[in-house]
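Scroll down for the structure; my scribbles are underneath it.
All of the numbers you see were taken from the coordinates with simple rules; none came from a lab. On a predicted model such as this, the values are computed, not experimentally measured, just so you know. Reconstructed Cβ throughout: ideal geometry from the backbone, glycine too, with neighbour counts over all protein chains shown.
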Amino acid sequence: MSSTALDPYRDRYAARTLGMTASEIRALFAVASRPEVVSLAGGMPNLSALPLDAVGAVIGDLVIRRGETALQYGSGQGDPVLREHICEIMALEGIQASPDDVVVTVGSQQALDLVARVFLDPGDIVLAESPSYVGALGTLSAAEADVRHVAMDDAGLIPEALREALDRLATEGRSAKFLYTVPNYHNPAGVSMTLERRREVVALAAEYDLLILEDNPYGLLGFDREPMDALRAMDADRVLYLGSFSKTFAPGLRVGWVLAPQAIREKLILASEAQILCPSNFSQMVVSAYLETQPWRDQIKIYREVYRERRDAMLDALSQQMPAGTTWTHPDGGFYTWLTLPGGLDAKAMLPRAVEARVAYVAGTAFFADGSGERHMRLSYCFPTPERIREGVRRLAGVVKEELELQAMFPGNAGRASRHPRPDSGQTAPDPGTVPRGRIGQAPPPDLA
Ligand SMILES: Cc1ncc(COP(=O)(O)O)c(C=O)c1O
């Protein structure tokens, strides 16, 4: 069947539209949301921990007392009262900022899109961790950016790897528009950048005249430590900072923000007005009223405990169930762990079998602009109960063990067990791909696995 038969409007789309495909996470949602499947795929905050009665009362009161304002259009930059609160919240991570420099957005996802619109022409280079947040990759791909991944390890982005990437670009006569980084409880890697590395990365940015886009939705969700200083706290002129109420309060309100130097902030406001006129006054006033009347700091502590318990269940189950050769990161906050399969297994090819076994995850390939990362998967522990997490890991470990057995049956084919036909499937196995090299986002050489 021709591609126009699949989509009769295909020939009319802009070139960039042709590059838009459903993210692997979205494609998974339909299957993963079946009740019999334990989904370790989605990154949904656990709203069962939110006191809905209290939130309902805040919303009801707001509409009754200030409904004419709350339900009206607002300003393109966002409500000044909320921007004040946002500055108080950012101060928890060492950021000194003026409400004038904050632009409220529809989640931090819109902020990502605005930054892309303001800075990127097709073909522009963006540096991003390896692996990187799938939603940012989607936005960058819609902006037709050329994403170059930079290695990270358990201590976050590796400064020497960043320097190498910047030097390589310089020898090509190119430069990057910015570095995109998630320094805290990384999505999907589950690791945080150490304070020392933050300083090194900021120093490198100054040395190479590089802008940094710091995306920080999870910073207040650490299990064992106080929030670390943000990169933005170390350089106010070079770092654009994205924040969000999605993980610390509720994603359904869609309230996030971007903090940027004054000149950039003006462009971001213009871009946002062109896109949405203004962010929702209602959502912003709900957030302000919640912050003013509810014990939001205690609520964040409750969220942390909920996620800590689930993290413990996942790490414990992984160490009990997974076969030798499987490794994973040990998050001390946030929602995710990043798992590396034993040599030769392919998480993407294995996914249909996992879903058959009633467990879902996101294959690592979703988190690389070039579609590599097949040995990896992201496991989320934020949403299911600890019991379901244990059961999900048990099912997943069963699938991995089966794949290893298949691999042993087909030893000649570079170990790509997941791509082998099952004895009964009648499929032919495609050629083995290349196994990427490297640190967290890339597989170690097979002999080290
Ligand atoms: C790293 C990162 N950035 C941005 C977002 C988007 O969040 P928001 O709900 O604020 O748009 C997410 C959501 O999962 C995320 O993990």
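Observations on the structure shown:
- Over the C-alpha atoms of the chain, the Rg to Rh ratio, Rh being the Kirkwood estimate, stands at 0.97.
- Estimated 222 nm signal from helices in the chain, with DSSP H stretches of n ≥ 4 weighted -39500 (n - 2.57), rounded to 500: -13000 deg cm²/dmol
- Computed from the alpha carbon atoms alone, the convex hull of segment 152-266 holds 119 Å³ per residue.
- Mean Cβ neighbour count within 10 Å, used as a protection proxy, ranking 387-399, 122-134 highest first: 122-134, 387-399
- Computed E for Ile276/Glu305 - FRET, C-beta separation, R0 56 angstrom, nearest 0.05: 0.95
- Taking Lys and Arg as +1 and Asp and Glu as -1, the other residues whose beta-carbon sits under 10 Å from that of His85 total -3.
- Karplus-based coupling profile of segment 99-114, in residue order and whole Hz: x, 4, 9, 9, 10, 7, 10, 7, x, 6, 4, 5, 4, 4, 5, 5, with θ = phi - 60° in 6.51 cos²θ - 1.76 cosθ + 1.60 and x standing for Gly or Pro.
- The Rg/Rh ratio of segment 52-293, with both radii computed over alpha carbons and Rh defined as the Kirkwood radius, is 0.98.
- Here the peptides 51-60, 209-218, 138-147, 12-21 are ranked by packing, the mean other Cβ count within 10 Å, and the order with the highest first is 209-218, 138-147, 51-60, 12-21.
- Estimated FRET transfer efficiency (Asp312, Tyr9; beta-carbon r; R0 56 Å; 0.05): 0.70
- Loop trypsin sites (Lys or Arg not before Pro), segment 185-264 (other Cβ atoms within 10 Å of the site Cβ: 10 or fewer; DSSP): Arg225
- Segment 210-224 versus segment 257-315: alpha-carbon centroid distance in Å: 13
- Spread of Cα-to-Cα distances over 5 Å intervals beginning at zero, given as percent, for segment 1-122: 2, 7, 8, 11, 14, 15, 15, 13, 8, 5, 2, 0
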